[in-house]
Each structure stands twice: as structure tokens, then as C-alpha cells.
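Some notes on the structure that comes next.
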Ligand SMILES: [Mg+2]
């Protein structure tokens, strides 16, 4: 635990770590206060590409937690960073404002005629017209990208389709496989780490805190960050025991760090 507290930077998953649904988890406020009091660098990471950092900051504020927008890193931002690195200039997007804004910010123009890439993220505006169009563009040579490989997302109504389930029809129809950027792809953690490099903080000084073995913990391991599992989300001891890799530390919740 002392080793964990001595880290300079923390990358935290959100759902199941900081909040669940629309409720802050016990200890989340104390943890954020501890981060500030101890002058730690921190980033909240999400695979969801729908919301922009500003919207995420507002969401946390509604739950009573004030966190500046520069503390958020989304799969949409990681996708934009990846595409910029690939020299991308144009994309056809099926996604929400969080994704289109992130792409605009790295200079990628939306193009539905002859784009280099088709980029798909979570969105309510999903219909036959846009998957048909995406299929035609991929068959014409556009490369297919998914913001993250989550298949479902838990909601109050139950599990609902997430990014990979939305990309699947285009993969089937084109007989192509998309490249997925978000967790557990280490690309996501490395892209997030760029925000820490400016402060001279490197991966050995950073812990990744999450509630899922198959995304947060494996992603942290494969990108050289200390993986910390919290039991406040989807994991149970039975689930944890099944994996060939284990977290460095298992906590009840992030509040344990502040105690
Ligand atoms: Mg989570």
C-alpha cells in the first residue's frame, strides 16, 4: 500500500471505481481530495467515446465531485491520437459529439464521400443508413476503426450494445476486422501517459486503478503500469481467481488509498 501511495500518477477507470450508474461510490470524494492534497497527477479514463471531457466533468459535478476537464481521457481521444499518428486526414464517423470533437481537434475532417477511415463509436444515432454507408466505404478501401472493443455496457435497463456490437455488422458485411483502440489495447494507456510525460512522470511512477480484469488490469500490465484492482465494480474473488495474471494489489475501493 505504501508503494501505491508513493506513486506520482494515477490512471483511474470510472464506472465501478468512482461511480456506479449515477451514484458516486463510497470513498471516491476522499480519494480525489487525497490526490489533490498530495499533489498527485491523475486522469480518469473511459472506454466510452460518446461524451467529451467537458460533459464528463459535468456528469461528475452533478454527483458532487468537481474535477477539471483536463483530468479526463476517453477512447475517442485515444482514437484521435492514434489516427493523427497514422497521418489521417479524413474520416466517416458513426458516433457522438465526444468522438467527432476529438477528431476535429487533431485536424481530421469529416468526409462521407471518400474518407481514408471509417470510425465507429457508441451512439444513439445508429441506423441502417449509416451502417450501409460505412459498408460501402470500407468496400471502397476505407480502413475500419472501433473506438473500443466493449461488446456491452451495463445500464439500469440491463446490458446494452457497446462499440464492438455496433461495428460487428460492418465487419460481417465487408469480411474485414476493425482495429480497436480503447482498453485493453495498451495504445490507450500509452496515449493517456502522454498527459503525464509533460510533468516528467513515467510509467514506473504510475498506477492504473480499475474494476475489470479483462480491460483495466491486463491493459495496465501490458503497458507497464502497476495494476490495482478495486472490488467496488464488476469483479468478484471467483472471477479474479480465474485469470492467469493478477493485479499488484486488491482494494475494497479507492477510499482505501485515502485512509
Ligand atoms: Mg469499470
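Each value in this text was obtained by applying a stated rule to the coordinates, not by laboratory testing. It should be emphasised that the depicted structure is a prediction, and the values quoted were computed from it without experimental measurement. Every residue, glycine as well, gets a Cβ built from its backbone with ideal geometry; the counts of neighbours run over all protein chains shown.
Of note:
- Residue check for residue 256: in a helix (DSSP H, G or I) and within 16 Å of the ligand (Cβ to nearest atom): no
- Breaking point among (1) buried (at least 24 other Cβ atoms within 10 Å of the Cβ); (2) out of contact with any strand residue (DSSP E or B) (no Cβ under 8 Å at 6 or more places or on another chain), for residue 217: (2)
- Within the span defined as the range 248-256, every residue fails to be touching a strand residue (DSSP E or B) at 6+ places or on another chain (Cβ under 7 Å) and within 28 Å of residue 121 (Cα to Cα).
- Annotation note: of 137, 144, 225, the sole residue that is in contact (Cβ under 8 Å) with a residue 24 or more places away in the chain, buried (at least 16 other Cβ atoms within 10 Å of the Cβ), closer than 28 Å to residue 255 by Cα and in contact with a strand residue (DSSP E or B) (Cβ under 6 Å, 6 or more places away or on another chain) is 225.
- Any chance residue 10 is within 16 Å of the ligand (Cβ to nearest atom), touching a residue at least 24 places away in the same chain (Cβ under 8 Å) and under 23 Å from residue 152 (Cβ atoms): no
- Of all the criteria given as (1) over 19 Å from residue 92 (Cα atoms); (2) touching a strand residue (DSSP E or B) at 6+ places or on another chain (Cβ under 6 Å), the one not satisfied by residue 188 is (2).
- Only residues that are farther than 22 Å from residue 5 by Cα and buried (at least 18 other Cβ atoms within 10 Å of the Cβ) were counted in the range 38-72, giving 11.
- Scanning the range 192-243 for residues that are under 23 Å from residue 68 (Cα atoms) and part of a strand (DSSP E or B), we see that the one that is nearest to the ligand (Cβ to nearest atom) is 210.
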